[in-house]
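Shown next, in structure tokens, is the structure this report addresses.
Please treat every number below as a calculation from the coordinates, not as lab data. Note that the coordinates shown come from a computational prediction; the quantities given were computed from them, not determined experimentally. Glycine also receives a Cβ, built like all others from the backbone with ideal geometry; neighbour counts cover every protein chain displayed.
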């Protein structure tokens with residue numbers, strides 16, 4: 001999930017469906033899809049839900065090194081890993 005939008009091909013790669021994702025969002029206290037900056041399947045199998053900041057500060061791109069689909073979150077950033 002990126003900027004409140006589902007990415008169906010990423011769900012299937014993660015072997016998750018929308019119900020699984022919605023459950024993780026609820027557990028993270030999300031009330032609206034628009035609140036979500038990113039949902040990331042970690043190598044441990046956990047799902048990290050990152051909430052968009054209210055003051056519109058940007059997330060640090062290097063925090064997403066090694067994350068599949070990070071170019072969707074940061075289209076103008078050149079990752080080096």
- Message: If R₀ is 22 angstrom, what is the calculated FRET efficiency for the pair residue 18 and residue 52, using the beta carbon separation as r and rounding to 0.05?
- Response: 0.65
- Note on the structure: For the chain the mean separation of alpha carbon contacts under 8 Å (6+ apart) over residue count, i.e. relative contact order in percent, is 28
- Query: Rounded, prolate or oblate: which fits the stretch 8-73 when a ≥ b ≥ c are the square roots of the eigenvalues of the alpha-carbon gyration tensor, with rounded for a/c under 1.5 and prolate only if a/b beats b/c?
  - Reply: oblate
